[in-house]
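To start, the structure under review is shown below, and the notes come after it.
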Amino acid sequence: MVAMMMQQPQQATPPNPPPPSDSSLRSPTPTPTPTQSPLPLRPRQPLEHVAVPISAAHPSGEPLVTMGTAALPLARVRLSDISPYDGGPSASYVRAVEAFSGSLMRHNAAVIEFGNEDAALMRCALEAARLYFRSRVNTVGKGTRGFYMYRAGRSLEDWDSSPPCMADIFRCMGKAARVALCAIARHLRLQSDVFNHLLDDTPLPANEVSSSVLVASYSHMSLQNGKGAIGGGKPGTAGEVEKGLLTLISSDGPGLQVCDPNGRWYQADAGLAPGDMLLITGKALSHATAGLRPAATYRAAPEHLSGINNGGRTSLAFRLMPQGNAILDCSPVAAAGHVIPQSYVPISVSRFMDELSAEEDVVCNRSDNTCVARNNLNKQPSLRSVLSDPLSGAFLEDAVVVSCGHSFGGLMLKRVLDM
């Protein structure tokens, strides 16, 4: 009996060790590690602004709970933090450039914060533009246009009234756009001024009109007149693609959606103050960077098109455009070690813009869902592109345009444009 009782506790004790042994065997297995390790990292991405590949930031099939009408955590960088300066790069400059470029990679957009002085100027300009468009509705009537395009250097006629502060806003937003372009170049391991040859000289030479344009728009159901989300473009829910290098947008209310690299739309300008600039990139920059900074697609928010926001929306959009005779060339990008696809060949800006216009020539007819030509004349290259060298963009001394033999000289056209 004593021997049997001594054997029972020895048999009763072994069942207790297996549970810890099973747990110890299951804990080192690598199965939970990949599923649990990314979880603590994702909430820190908007705070640290780590630039990661798109596939790592938004894996395929992963739902985005912040999509739709909610705002994505776009990177917000101060303009002073990404401005170029002499000397070695500071830690704040490196972090700001990484956050700015990482937001463009993940969301096709970023937010730039102006200083107090420039923010006050933008606030006054938005209020002045709103009053300008509302007063024109009351005096001229509902048939008036809800947008105004301003180019520096263009002489204003007596009948051509404009919203106040347009020249000041053009200089303010133009400076910010050039700073952003330098930050984009720096993140691609390029010289900060690598794209300066594409831009207008600063200040503009006498009697020269700027390539860039400032668009003031007041979006209201009575003033839409077929204009797009920013103003001057085509309406519709399919979206518009920016043509220039980049665009800065400031508004007094939300109303713009941007498509992310995964093809999903999100509200891009929700919660932005008048001193906050929404930045999107365009087709010209996409070609100059060999697709490393693709063009953003944007559209008016559905609630904005449906007229839910009856108060209207005032916006100021600065489009940084390259000169027509400049050349879009990817050689600096290739020299920096990036792979350049064969489709990105050097091309003049004038010809590049003509090809973009030809691609947009066919629009969809909403009545019967058939595609029709918007304007048959637009299918042909412009007179300027025909009379210009396809690579240099310089005017040819003589070029025959029509089959009947009439000759149109490029130098004569240049004199006409300069008048």
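Name every residue in the stretch 90-113 that is basic (Lys, Arg) and free of Cβ contacts under 8 Å to residues at least 60 places away in the same chain, in order of residue number. Lay out the reasoning, then the answer.
In the first step, residues of the stretch 90-113 are kept if they are basic (Lys, Arg); the result is 95, 106.
Matches in the stretch 90-113: ARG95 only.
Please go through the stretch 278-294 and pick out each residue that is in contact with a helix residue (DSSP H, G or I) (Cβ under 9 Å, 6 or more places away or on another chain) and farther than 17 Å from VAL345 by Cα. Reasoning before the result, please.
Going residue by residue through the stretch 278-294, those that are in contact with a helix residue (DSSP H, G or I) (Cβ under 9 Å, 6 or more places away or on another chain) are 279-281, 283-285, 287-290, 292-294.
LEU279, ILE280, THR281, listed by residue number.
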Just to be sure before I move on: is CYS182 within 22 Å of VAL349 (Cα to Cα) and at pLDDT 95 or above in the structure I sent?
yes
Is there any pair with a first residue in the stretch 114-125 that is under 12 Å from SER250 (Cα atoms) and a second that is small (Gly, Ala, Ser) and surrounded by fewer than 18 Cβ atoms within 10 Å (Cβ to Cβ) whose Cβ atoms are under 8 Å apart and which are 6 or more apart or on different chains, and what are they?
ALA119/ALA273
Test: residue in the stretch 303-323 that is modelled with pLDDT of 95 or more, touching an Asp or Glu at 6+ places or on another chain (Cβ under 7 Å) and of a type in the set (Ser, Thr, Tyr):
no
Per-region count, the stretch 153-212, residues touching a residue at least 24 places away in the same chain (Cβ under 8 Å), part of a helix (DSSP H, G or I) and basic (Lys, Arg)
2
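The values are calculated or read from the model by the stated rules, or taken from the named source; none is laboratory data. As the structure is a prediction and not an experimental result, all values here were calculated from the model. All Cβ positions, glycine included, derive from the backbone under ideal geometry; neighbour counts span all protein chains shown.
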